[in-house]
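**Q** To start, I am sharing the structure in question, which I have written as structure tokens.
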Amino acid sequence: MSMADPQLNPALDSGKIAAAYARDRRVHIPAILTAESAARVHRCLDQETQFSIVTRKDDGYVRLRPEASLSPEQENDLVRRVYAQARDDFHYLYDNHPMSHEGEPYPDPSHYLAAITRFLNSRPLLDFVRRVTGSNAIHFAEAQATRYRAGHFLNVHDDTNEPQKRVAAYILNMTPHWQPDWGGALLFPDWRGQIAEGYLPTFNALNILAVPQPHLVSFVTPFAGAHRLSVTGWFRSR
């Protein structure tokens with residue numbers, strides 16, 4: 001691992017974190033990276049990453065080409081159509097940038113996203129996640145950079161996808177100074193339809209949740225003062 005790669009915070013207590021995960025099937029881990037690492041990852045997502053709108057079409061995933069751009073009128077029309085469909089069905093709208101589908105290196109080795117991808121699939125990180133989840137079946141991390149702007153959301157789902165052998169989902173949050181009333185929270189509904197728990201997108205925090213497990217990202221409010229930046233994906237087995 002090069003010195004430029006993100007680094008785990010050496011003060012993490014993996015035993016305590018694993019106990020919380022075993023109890024709740026999910027865990028919020030503050031200060032997951034060293035401070036210097038976290039600042040570098042944030043700069044990459046905030047200033048160096050080209051995002052594209054991603055949403056659902058029929059039963060599939062549709063992503064605009066990176067070079068494509070929508071006029072304000074076209075984006076407003078897309079938003080109206082997505083909102084109408086989201087009232088009664090699973091739907092989502094946010095920006096993303098694919099990084100790694102099967103644990104393979106990021107295609108541009110000169111981009112800092114390559115260092116983040118390498119870190120997510122490094123032995124120190126995967127060993128840490130295996131200890132936390134209690135699953136030695138975890139083999140690699142699938143990854144995408146995500147950006148939620150005002151009006152973006154991800155409806156309730158449980159990440160079930162048998163062919164992909166997802167053991168746990170993760171969200172590496174990288175937005176400084178997020179406010180609770182801006183939305184964009186990771187929420188966990190219970191069987192009664194109530195919200196059992198929620199995690200705000202706290203800067204430099206890693207959320208890990210067992211698959212399957214119902215969850216959602218709440219609507220980002222029009223007055224949100226920042227973009228919700230993160231790296232997300234799944235720890236998967238072969």
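**Q** Confirm whether ARG149 is closer than 26 Å to ASN9 by Cβ and either in contact with a strand residue (DSSP E or B) (Cβ under 7 Å, 6 or more places away or on another chain) or at pLDDT 95 or above (or both).
**A** Against the criterion (closer than 26 Å to ASN9 by Cβ and either in contact with a strand residue (DSSP E or B) (Cβ under 7 Å, 6 or more places away or on another chain) or at pLDDT 95 or above (or both)), ARG149 does not qualify.
Each row is one residue, and each column tells you yes or no for (1) of a type in the set (Gly, Ala, Ser); (2) at pLDDT 95 or above; (3) within 20 Å of PRO176 (Cα to Cα).
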{"position": "LEU8", "(1), (2), (3)": "no, yes, yes"}
{"position": "LYS16", "(1), (2), (3)": "no, yes, no"}
{"position": "ALA19", "(1), (2), (3)": "yes, yes, no"}
{"position": "ARG26", "(1), (2), (3)": "no, yes, no"}
{"position": "ILE32", "(1), (2), (3)": "no, yes, yes"}
{"position": "ALA35", "(1), (2), (3)": "yes, yes, yes"}
{"position": "ALA39", "(1), (2), (3)": "yes, yes, yes"}
{"position": "LEU45", "(1), (2), (3)": "no, yes, yes"}
{"position": "LYS57", "(1), (2), (3)": "no, no, no"}
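**Q** If you scan segment 87-122, which residues turn out to be of a type in the set (A, V, I, L, M) and either surrounded by fewer than 16 Cβ atoms within 10 Å (Cβ to Cβ) or closer than 18 Å to GLN7 by Cα (or both)?
**A** LEU113, ALA114, ALA115, ILE116, LEU120 - these are the residues of segment 87-122 that are of a type in the set (A, V, I, L, M) and either surrounded by fewer than 16 Cβ atoms within 10 Å (Cβ to Cβ) or closer than 18 Å to GLN7 by Cα (or both).
**Q** Just for strands (runs of 3 or more DSSP E) wholly inside segment 1-118: which have at least 1 residues that are within 17 Å of the chain's Cα centre (by Cα) and within 26 Å of THR202 (Cα to Cα)?
**A** Because the criterion is at least 1 residues that are within 17 Å of the chain's Cα centre (by Cα) and within 26 Å of THR202 (Cα to Cα), the strands (runs of 3 or more DSSP E) in segment 1-118 that meet it are 26-29, 52-57, 92-100.
**Q** Looking at segment 19-40, which of its residues are surrounded by 15 or more Cβ atoms within 10 Å (Cβ to Cβ) and in contact with a Ser or Thr (Cβ under 8 Å, 6 or more places away or on another chain)?
**A** TYR21, HIS28
**Q** List the strands (runs of 3 or more DSSP E) that sit entirely inside segment 158-238 and contain at least 1 residues that are at pLDDT below 95 and buried (at least 21 other Cβ atoms within 10 Å of the Cβ).
**A** none
**Q** Within the bounds of segment 58-68, is there any residue that is surrounded by 12 or more Cβ atoms within 10 Å (Cβ to Cβ) and of a type in the set (Val, Ile, Thr)?
**A** The answer is no, given that none of the residues of segment 58-68 is surrounded by 12 or more Cβ atoms within 10 Å (Cβ to Cβ) and of a type in the set (Val, Ile, Thr).
**Q** Let me ask something additional. Just checking, does segment 72-85 include any residue being in contact (Cβ under 8 Å) with a residue 12 or more places away in the chain and buried (at least 18 other Cβ atoms within 10 Å of the Cβ)?
**A** yes
**Q** Could you go through segment 129-140 and let me know if any residue there is among the hydroxyl-bearing types (Ser, Thr, Tyr) and either under 17 Å from the mean Cα position of the chain (by Cα) or closer than 30 Å to ARG23 by Cβ (or both).
**A** Checked segment 129-140: at least one residue is among the hydroxyl-bearing types (Ser, Thr, Tyr) and either under 17 Å from the mean Cα position of the chain (by Cα) or closer than 30 Å to ARG23 by Cβ (or both).
**Q** Conditions first: (1) hydrophobic (A, V, I, L, M, F, W, C); (2) buried (at least 16 other Cβ atoms within 10 Å of the Cβ); (3) touching a residue at least 60 places away in the same chain (Cβ under 8 Å); (4) over 21 Å from ILE32 (Cβ atoms). LEU125 passes all but one, so which condition is the exception?
**A** So LEU125 meets the others, but not (4).
The values are calculated or read from the model by the stated rules, or taken from the named source; none is laboratory data. All values reported here derive from a predicted model rather than from experimental measurement. Neighbour counts are summed over all protein chains in view; Cβ atoms, including those assigned to glycine, are modelled from backbone coordinates with ideal geometry.
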